[in-house]
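Report on the structure given below.
Computed from the coordinates by the stated procedures, all read-outs in this text should not be read as laboratory data. Note that the coordinates shown come from a computational prediction; the quantities given were computed from them, not determined experimentally. Please note: Cβ atoms are built from the backbone with ideal geometry, for glycine as well, and neighbour counts cover all protein chains shown.
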Amino acid sequence: MSTESGGQESGAATAGSQLNAATAAANLLGSYFVSTYPPFSQWTASELPAYRSALAAPRAGRAAPFGLYVHIPFCVERCQYCYYLAVDGAPQDIVASYLDALLAETALYSRAPALLERRVGFAYFGGGTPSLLTANQIEELFAGLRQRSDWSQIEEISFECAPRTSTRKRLAALHAAGVNRLSMGVQQLDDQVLERSGRVHRVDDVERAWGRIRETGFDNVNLDLMVGMHGETETSFFRSLERVIEWAPESVTLYQLEIPLNTPLSRDVRGGNVEELASWEAKHERLAAAFERLESAGYTVRSGYTAVRDPNCHGFQYQEAQYAGADLVGLGAASFSYLGGVHHQNLATVPAYLQAHRDQRLPLGRAHRLSRDEQLVREMILQLKLGAADMSRLERKHGIAPERVFAAQLQQLEAEGWLQVTDRTATLSREGLVRVDELLPRFYALRHRDVRYS
Ligand SMILES: C[S@@+](CC[C@H](N)C(=O)[O-])C[C@H]1O[C@@H](n2cnc3c(N)ncnc32)[C@H](O)[C@@H]1O
Ligand code: SF4
């Protein structure tokens, strides 16, 4: 990922148009989605002592909400656009060692003074494709995690799944294990588009998986769609959306295609092998139209990505708590943690992660202690991803008035029509919300504006 946001600003073509030439398509390359601040490229192994200190410091007073992220880095095959850490094919000996390592890592964390007596409030299993685990592996993983950390007060357990691996047996195991928010990667309901992106599922796989998910009793389900996939047309996208609306999932998440430089699709674009990709402006417009359609079907837009059927029942604690500064421990290769104002990322390959397990040590990779100012920027931008930042709350928490720190940015964004400030709340317009990740780097400290994202 990079803060330059994939050259979206330079790639601003006429709204709704398609860019055809490979040179124009190259403007679409690079990262877009901002997941945290400062950018990952600023975290270093030399700052690991800061993370060790955060772990060693007993939490004083009322601790922040606390959650777990568990990374399952296995997929059947790599999708053309994917930049997540995932090993193709899920070799069973590696999966078994990896699951052992996850439990050993949890046990090491449970002895850290900062985490003693911390109750897990939410957990998120992401990938890769977590639903590649067998029903037995799911049962053992959940039982092992519950033995090694306090899940007695857990409110939300989210689990990512893919259509073909969402079998009855696995879904029943997940339900029995307490998963109460299931998220399935659908991306698009058009076989040609799915095939072009190297997805292993087809439309009929999604239809069958959807039936099994509801029959198993999951009543809080998110479906992921992507906007601007290779080969996508207005028709294929909106036909997919209509189908999803018919199913009435509790939440629909729409990600605009980004093409980071380490993806197979990026190599194809650079090789001139990709004929048509939607411009960033076209993707923003398509997302805005999708949000409008979802609203007309009774959904409420909750962030720059997600619309929910009932905002009172279908929150997403993992995201909301994290965006408000919760402590999070990431388990597994390449996972991210945030503890007591320190960022940390685990060793980022499966072999390095497994070696740390064999050495009986935490798989520490790189870290960054945030200054007070950086903590304010982080929370300000993460709140804006949810649509609005309450600056009174941020001032109470961080002791600095955001309007003073971000006066120039707020003024400029207001003048451009992306945002409005009323009663000390900065609220993005719909046009601002659908391009929020493009706007956020303006809040970064100058030294972080032109650095790589990861
Ligand atoms: C890590 S994937 C996990 C879910 C599962 N592996 C799958 O793909 O169905 C989470 C979501 O990220 C989104 N995603 C992955 N790569 C993306 C990209 N290059 N641009 C935009 N969204 C992307 C997809 O919508 C996907 O469902
Ligand atoms: S998009 Fe999902 S299924 Fe595809 S390679 Fe990435 S993590 Fe695996």
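Estimated from helical segments only, the mean residue ellipticity of the chain at 222 nm is -11000 deg cm²/dmol, where each DSSP H run of four or more residues counts as -39500 (n - 2.57). Start at zero, step by 5 Å, and the Cα-Cα distances of region 341-390 spread as 5, 18, 17, 13, 13, 11, 12, 8, 3, 0 percent across the bins. Computed from the alpha carbon atoms alone, the convex hull of region 79-164 holds 119 Å³ per residue. Scaling the Cα radius of gyration of region 101-243 by the globular reference 2.2 N^0.38 Å produces a ratio of 1.20. Rounded to whole numbers, the Karplus 3J(HN,Hα) couplings from phi for region 51-56 are 6, 4, 5, 4, 5, 7 Hz, using 6.51 cos²θ - 1.76 cosθ + 1.60 with θ = phi - 60°, and x at Gly and Pro. Its residue count N sets the reference 2.2 N^0.38 Å, and the alpha-carbon radius of gyration of region 293-357 equals 1.57 times that reference.
Extent along the principal axes, Cα only, for region 361-404: 42, 22, 14 Å, with the longest axis given first. Positive-end ranking of 289, 364, 274 along the dipole of region 236-383, with charges on Cβ about the Cα centre, is headed by 364.
Dividing the Cα radius of gyration of region 180-332 by its Kirkwood radius returns 0.98 for Rg/Rh. For residue 259, the residues whose amide H sits under 5 Å from its own are 30, ignoring neighbours fewer than 5 places away on the same chain, with H placed 1.01 Å from N. Derived from the Cα gyration tensor, the three semi-axes of the equivalent ellipsoid of region 41-120 are 30, 17, 13 Å, largest first. Annotation: cysteines of the chain without a disulfide-compatible partner (Cβ-Cβ under 4.7 angstrom) are 75, 161, 313. Using the Karplus relation 6.51 cos²θ - 1.76 cosθ + 1.60 with θ = phi - 60°, the per-residue 3J(HN,Hα) values for region 334-346 come to 6, 6, 9, 10, 9, 9, x, x, 10, 7, 8, 10, 5 Hz, with x marking Gly and Pro. Based on the convex hull around the alpha carbon atoms, the chain presents an average projected area of 20.3 nm². Just so you know, the averaged projected area of the alpha carbon convex hull for region 371-445 sits at 4.3 nm².
In region 273-414, the inverse of the mean reciprocal separation of distinct Cα atoms equals 18.4 Å; this is its Kirkwood hydrodynamic radius. Reported value for region 308-391: 120 Å³ per residue, from the convex hull of its C-alpha atoms.
Counted by Cβ distance under 11 Å from residue 67, the other residues give a net charge of -2, where Lys and Arg count +1 and Asp and Glu count -1. With semi-axes defined as the square roots of five times the eigenvalues of the C-alpha gyration tensor, the equivalent ellipsoid of region 152-207 measures 27, 12, 7 Å, largest first. Rounded to the nearest Hz, the phi-derived 3J(HN,Hα) couplings of region 230-245 under the Karplus curve 6.51 cos²θ - 1.76 cosθ + 1.60 (θ = phi - 60°) are 4, x, 5, 10, 3, 5, 5, 5, 6, 5, 4, 5, 4, 4, 4, 4, where x marks glycine and proline. If you average the C-alpha positions of region 63-86 and of region 274-293 separately, how far apart do those two centres end up, in angstrom? Taking the Cα centre of each part, region 63-86 and region 274-293 sit 25 Å apart. Between residue 72 and 126, 127, the built amide H atoms are under 5 Å apart, and every one of these is 5 or more places off in sequence or on another chain.
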